[in-house]
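Chemist: This structure is in structure tokens; I'll ask about it shortly.
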Amino acid sequence: MNELLKRHSFSATFLVLFLGSVFLFSGGDGEIQRLNGFTMGTSYELQIVDMPEDITADQLAIDIGELLSGLDTEIFSTYAANSELSRFNRHAVNVPFIASSSLIEVLLMAQEISALSAGAFDITVGPLVNLWGFGPIVRVFESVPSQSQIESAKDLVGFQYLRISPSNQEIRKTRDIYLDLSAIAKGYAVDQLAEYLDEAGVENYFLEIGGELKIKGTKPGSQGWVPAIETPLDTASQVYQIFYSRGETIAVAGSGDYRNYFEEDGVRYSHEIDPRSGRPVAHSLAAAYVIDESAARADALATTYIVLGLDDAIALAKRQGQAVYFIYKSENEGFEDYVSDEFAVYLGNN
Ligand code: ADP
Ligand code: MG
């Protein structure tokens, strides 16, 4: 008999703790303005050092709230029936659809990462995500789908069925695909927040949406930010590894198989789906962290590496010269790490 189904759904992965935020500052060179709330099915937190004088904290909160809800409910959400993405998902096959520049930008980046990973990352994975019960379409019976259901869903998956014409802002589907941007949209929103703050003249900040980060400059007192990677377990967060932003502007994203999953017959089924098999990933790689200039790219690549599994992930990271930190299950129950040279630089504070 089936074990009682157990669903663990801590909204999105929450992979990064913020040691940078636990210290109190007194009499430093500046002040931290904190802003937090909810967006894209998860929480966000912004820490801004030395607010520009021409903008009040209230105005900033309004602008940030508008920016985020615009990206979420108006563009990227598959949970909002009238978002641009939901409208495109319902749009007819082979009929051009005029898309916003934000959507086009994200779709182009997603397609590039699909090509790079030979389809391990694929935003047309939506029908499989829904079939396995991790999307907005709620299944009546939550259980492992049959092979024939998986095959039917897989028929609608393939990034080659999405055509993008940036020159005339048009997108088109050549099969009845359903896009899911959950693995890239939060990162893109972080990049947009960063752009807003850069334009407002903010020199030092720590931005986070659902564990995807962008960090610039320093905390008050010229100390670098110190993010932490958590141990890949579904228990309360524990610090696994801290690292240092070293005053650089970096984006950091993580993906893992351990927060958002369900269990049946003692088997764990994660929300990270391999579009090539149509099934949740099942291998030793438990968490992948990526540092990049772009949070959208870091977000998508973290998912890509988790789907690829340790060996292929290492091979791709090496080819790309990417800063990555992988945590995988060792044969004797514990965890082991793979840290690329590009990431190792951030483990030291000088
Ligand atoms: P989180 O959203 O928890 O931060 P990720 O960034 O790894 O985690 O995104 C995972 C989400 O992306 C899944 O819940 C699903 O909606 C979608 N997804 C799952 N598998 C893939 C894949 N192979 N390619 C692209 N998106 C995926
Ligand atoms: Mg991701």
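The values are calculated or read from the model by the stated rules, or taken from the named source; none is laboratory data. Not measured: the values here are computed from a predicted model. Note: ideal-geometry Cβ built from the backbone for every residue, glycine included; neighbour counts use all protein chains shown.
Chemist: Being closer than 22 Å to D72 by Cα and either within 14 Å of ligand 2 (Cβ to nearest atom) or out of contact with any Gly (no Cβ under 7 Å at 6 or more places or on another chain) (or both) is the filter here; which residues of region 206-222 pass it?
Modeler: Answer for region 206-222, where residues must be closer than 22 Å to D72 by Cα and either within 14 Å of ligand 2 (Cβ to nearest atom) or out of contact with any Gly (no Cβ under 7 Å at 6 or more places or on another chain) (or both): L207, E208, I209, G210, G211, E212, L213, K214, I215.
Chemist: For region 239-256, state whether one or more residues are at negative phi, within 16 Å of ligand 1 (Cβ to nearest atom) and surrounded by fewer than 17 Cβ atoms within 10 Å (Cβ to Cβ).
Modeler: No, the conditions are met nowhere in region 239-256.
Chemist: F243 versus (1) closer than 23 Å to G135 by Cβ; (2) touching a helix residue (DSSP H, G or I) at 6+ places or on another chain (Cβ under 7 Å): which is the lone unmet condition?
Modeler: Single failed check for F243: (1).
Chemist: Could you check A120 against (1) out of contact with any Leu (no Cβ under 8 Å at 6 or more places or on another chain); (2) assigned to a loop (DSSP other than H, G, I, E, B) and say which number it fails?
Modeler: (1)
Chemist: Restricting to region 69-117, what's the tally of residues that are of a type in the set (A, V, I, L, M, F, W, C), outside any helix (DSSP H, G or I) and within 17 Å of the chain's Cα centre (by Cα)?
Modeler: The qualifying residues number 0.
Chemist: Ok, one more. Could you give me the residue pairs with C-beta distances under 8 Å whose first residue belongs to region 108-119 and is in contact (Cβ under 8 Å) with a residue 40 or more places away in the chain, whose second residue is among the basic types (K, R) wherever it lies, and which are 6+ apart or on separate chains?
Modeler: Within 8 Å, the pairs are M109/R297; I113/R297; G119/R276.
Chemist: If E53 passes every condition in (1) in a loop (DSSP other than H, G, I, E, B); (2) at pLDDT 95 or above but one, which one does it miss?
Modeler: It fails just one condition, (2).
Chemist: Ok, one more. Could you list, in sequence order, the residues of region 308-329 that are out of contact with any Pro (no Cβ under 8 Å at 6 or more places or on another chain) and either at pLDDT below 95 or of a type in the set (V, I, T) (or both)?
Modeler: I314, V324
Chemist: Let me ask another. Just checking, how many residues over region 84-103 are without any contact (Cβ under 8 Å) to a residue 12 or more places away in the chain and of a type in the set (A, V, I, L, M, F, W, C)?
Modeler: The total comes to 1.
Chemist: While we're looking at this one, here's another question. Tell me, which residue of region 243-259 that is farther than 23 Å from E203 by Cβ and at pLDDT 90 or above is farthest from the chain's Cα centre (by Cα)?
Modeler: G256
Chemist: For the condition in contact with a Pro (Cβ under 8 Å, 6 or more places away or on another chain) and of a type in the set (S, T, N, Q), what is the one hit in S284, S245?
Modeler: Exactly one of S284, S245 is in contact with a Pro (Cβ under 8 Å, 6 or more places away or on another chain) and of a type in the set (S, T, N, Q), namely S245.
Chemist: Can we say E331 is surrounded by fewer than 22 Cβ atoms within 10 Å (Cβ to Cβ), over 24 Å from V129 (Cα atoms) and out of contact with any strand residue (DSSP E or B) (no Cβ under 9 Å at 6 or more places or on another chain)?
Modeler: Yes; evaluated as a whole, the condition is true for this residue.
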